[in-house]
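First the structure, in the form of structure tokens, and then the observations on it.
Nothing in this text is a laboratory measurement; each read-out follows from the coordinates by a stated rule. Here the structure is a predicted model, which is why all the values come from computation and not from measurement. Please note: Cβ atoms are built from the backbone with ideal geometry, for glycine as well, and neighbour counts cover all protein chains shown.
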Ligand SMILES: Nc1ccn([C@@H]2O[C@H](COP(=O)(O)OP(=O)(O)OP(=O)(O)O)[C@@H](O)[C@H]2O)c(=O)n1
């Protein structure tokens, strides 16, 4: 597929050239090619206007025609099979203004015919390079085919995230770029260049001008693209953490009982979890890891025996709801992240649960994420993985139909036996299911006998 994406972008550039326009690969794909990484997407920058782009290609979508961005759709490699999906490539007209496509300054977008001008309005030097597709297709290396008007190559070598030109200006044009600086620096393991860093510190409080959805997506990418712990530290250093996640900032300096948490305060513990996340974690797990102890600062108490956080799970859920609503999470993600927080302490009881409780625990939706969060939590604290191993073994070894068997007694069975539907039904069904999960009943008759013994015979 990657190769197909590259071929699609090369074809587009060729068609633009043939029509007398300039066309380059631009932005992240050039950076990734120079780093020897596979680009996620290939973006094309061109001197052709959006109208000219639309006239050349038969299938286009004007995603941001106002900003000069046209999506060109080409048949994928499976074409004309039933699985055929189009390959979409963003083609953007050169611009010479600083406004970025976040919808706030549309009246100021001005197109250009100069690639030099186009790169100067981009965010960071490492994202500001162009690549000559004809040279590249002709066998030149990415290095040889790169056009660098902004010093991006040198900054890649020096491993620096540096704003192009005046950092304040770049961030003023699009405040989200402050979070992008942190994301790229963390993901690539780079430093943020001092004047770029200083500009973020100065402007951090303006991050609220960015829509919560864009902030959420940027944070999610930081949490899931690797080095999430570094991203959190950089967010803190730049002053952005206190703005976008003040609740997480409060984890700092909150002491924990050293016998359970030799690693240090709640912040350090949380960073350790993030450090141990799998390479491509589900976003919900990553957010669950970040927020699992978010209720600790508010419940900290020095009890006579030790430091305690009574009720931190419930308080944490309330704080998390506020954060997740503020960042406009979908209901589905919100539910799962809250479930992760809600259940993370239950692993402590897992060895002493009744069979029925354990089975109900194991059949929670997406249990693997709960298990993984417990692993991260335990291995970032005492390091004792006994509970984890126990839960994992039971999860893996208990067959699906034992965890969630077909019910011996359901509502229909009760009605057929002469019980009238009513408020007691739920309790009866629960009692029968519990007994079944405990292995105490093995047939519908035994189930009905149990119901009769506990709740009486039908009237
Ligand atoms: N706020 C932004 C967003 C993007 N860009 C420019 O548009 C390019 C493409 O943006 P995007 O696809 O968001 O990022 P990538 O650099 O491709 O990074 P990633 O691989 O992480 O998606 C960037 O490289 C950069 O040149 C920018 O200047 N300012």
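Given that compact globular proteins tend to follow 2.2 N^0.38 Å, what is the ratio of the alpha-carbon Rg of the stretch 411-455 to that value?
Normalised Cα radius of gyration, the stretch 411-455: 1.03.
What does the stretch 102-183 give for Rg and for Dmax, in Å, if only its C-alpha atoms count?
Here Rg and the maximum Cα pair distance are 14.2, 41 Å.
What span do the alpha-carbon atoms of the stretch 1-94 cover on each of the three principal axes, reported in whole Å from largest to smallest?
35, 31, 24 Å, listed from the longest principal axis down.
Rounded if a/c is under 1.5, else prolate if a/b beats b/c, else oblate: with a ≥ b ≥ c from the C-alpha gyration tensor eigenvalues square-rooted, which is the stretch 342-450?
In terms of gyration-tensor shape, prolate.
To the nearest 500 deg cm²/dmol, what mean residue ellipticity at 222 nm is calculated for the chain from DSSP H runs of n ≥ 4 alone, each contributing -39,500 (n - 2.57), summed and divided by the residues?
It lands at -14500 deg cm²/dmol.
What is the gain in length, in nm to one decimal, between residue 444 and residue 84 on full extension, counting 0.36 nm per residue of separation less the C-alpha to C-alpha distance?
Length gained, residue 444 through residue 84: 124.5 nm.
Specify the inter-centroid distance of the stretch 386-459 and the stretch 141-163, based on alpha-carbon positions, in whole Å.
If we compute the Cα centre of each part, the gap is 65 Å.
Sorted from largest down, what three extents in whole angstroms do the Cα atoms of the chain have along their principal axes?
Projected onto the principal axes, the Cα atoms of the chain cover 88, 61, 40 Å.
Calculate the FRET efficiency for residue 420 and residue 387 from the Cβ-Cβ distance with a Förster distance of 45 Å, rounded to the nearest 0.05.
0.55
What ranking do 310, 333, 118 get, fewest neighbouring Cβ atoms within 10 angstrom at the top?
310, 333, 118
With both bridge residues required to lie in the chain, what share of the DSSP beta bridges run antiparallel, to the nearest 5%?
80 percent
For the stretch 1-46, count all C-alpha to C-alpha pairs, find those more than 16 Å apart, and express that count as a whole percent of the total.
36 percent
Would you mind pulling out the separation of the Cα centroids of the stretch 354-379 and the stretch 220-261, in Å?
Measuring centre to centre over Cα atoms gives 25 Å.
With all distinct Cα pairs included, what does the Kirkwood hydrodynamic radius of the stretch 282-399 come out to in Å, to one decimal, could you say?
15.0 Å
Once the Cα atoms of helix 194-203 and of the chain are each reduced to a long axis, what angle between those two axes, in degrees from 0 to 90 to the nearest 10, is obtained?
60 degrees
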